[in-house]
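The values are calculated or read from the model by the stated rules, or taken from the named source; none is laboratory data. Predicted model only: the values in this text are computed from it and were never measured. Cβ placement follows ideal geometry from the backbone for every residue including glycine, while neighbour counts extend to all protein chains displayed. Side chains are part of the model used for accessible areas, which takes the heavy atoms of the whole protein and leaves out ligands, DNA and RNA. Shrake-Rupley method; radii C 1.70, N 1.55, O 1.52, S 1.80 Å.
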Amino acid sequence: MYRARLFAVRHAGVFERIYQVVERLMIVLDPVFSRIGYSRVERPVAAVEKVVKTVLFDCKMCGQCVLSSTGMSCPMNCPKELRNGPCGGVRPGGFCEVKPDMRCVWCEAWDGATRMKNGHQINEVLPPVDRSLQGSSSWLRVAREKAEAQRDADAARKALAQAFPEARTLEPATTPLAEEPERRISPN
Ligand code: SF4
Ligand code: SF4
């Protein structure tokens, strides 16, 4: 497992892209999950997630995956389970102060982040892990959260269109209702 972890960090850019695809797939499947019931799909999805992520990242199923912000190095493998790091005790050569044979999980994280398109995310301070979510599916949690955010955005767009019916008739682009295609052009 330790070697798999190092492999994941060395190929963090590839895993980042794979993760983005998985995330999009889970969001697309949100209506299906909602219809079946998230409580019903939780166990099978969590079981698959556990197998896949244990093999690839030595995942501990914390339920709040942050790999995209930690260079694909799982912070739950840090003996102190720090969500921001490294701690002040890193040994020479980047080894862990608690497990001297292991590379510091957070030194690996910063290395991995340099290979990722969104590696700058590692600069964001992460909140402490919520132990009550241990064992649950992070994939499903992300699907629920992002789909909900999308619904909120859709509701706000509809409310705006309803507030300006005349403007919408004259200039439909001012209050668009149709679903937007994925942005290829930077807004700046
Ligand atoms: S951050 Fe949590 S869910 Fe992600 S790989 Fe580590 S233990 Fe697993
Ligand atoms: S040296 Fe790194 S892996 Fe070890 S306890 Fe500190 S932050 Fe965690």
Tell me whether the range 127-139 contains one or more residues that are more than 18 Å from Asp58 (Cα to Cα), buried (at least 18 other Cβ atoms within 10 Å of the Cβ) and over 18 Å from the mean Cα position of the chain (by Cα).
no
Before we move on, is Val90 at pLDDT below 95, within 16 Å of ligand 2 (Cβ to nearest atom) and surrounded by fewer than 20 Cβ atoms within 10 Å (Cβ to Cβ)?
no
In the list Arg5, Arg35, Arg24, which residue meets the criterion of being touching a Cys at 6+ places or on another chain (Cβ under 9 Å), of a type outside the set (Ser, Thr, Tyr) and modelled with pLDDT under 95?
Arg5
How many residues, within the range 94-110, are within 18 Å of the chain's Cα centre (by Cα) and away from ligand 1 (no atom under 13 Å from the Cβ)?
1
Residues to consider are Met72, Met61; find the one that is modelled with pLDDT of 95 or more and either assigned to a helix (DSSP H, G or I) or touching a Phe, Trp or Tyr at 6+ places or on another chain (Cβ under 7 Å) (or both).
Met72
Is it fair to say Glu81 is among the charged types (D, E, K, R), in a helix (DSSP H, G or I) and open to solvent by 40 Å² or more (accessible area, probe 1.4 Å)?
no
What number goes with the only condition from (1) open to solvent by 40 Å² or more (accessible area, probe 1.4 Å); (2) of a type in the set (D, E, K, R); (3) within 12 Å of ligand 2 (Cβ to nearest atom) that Lys117 does not pass?
(3)
Would you be able to say whether some residue in the range 32-50 is closer than 25 Å to Ala149 by Cβ, of a type in the set (A, V, I, L, M, F, W, C) and within 16 Å of ligand 2 (Cβ to nearest atom)?
no
Could you give me the residue pairs with C-beta distances under 6 Å whose first residue belongs to the range 36-59 and is within 14 Å of ligand 1 (Cβ to nearest atom) and open to solvent by less than 60 Å² (accessible area, probe 1.4 Å), whose second residue is polar (S, T, N, Q) and in a helix (DSSP H, G or I) wherever it lies, and which are 6+ apart or on separate chains?
Asp58/Asn77
Number of the exception - Pro100 against (1) surrounded by fewer than 15 Cβ atoms within 10 Å (Cβ to Cβ); (2) away from ligand 2 (no atom under 16 Å from the Cβ); (3) farther than 30 Å from Gln150 by Cα
(2)
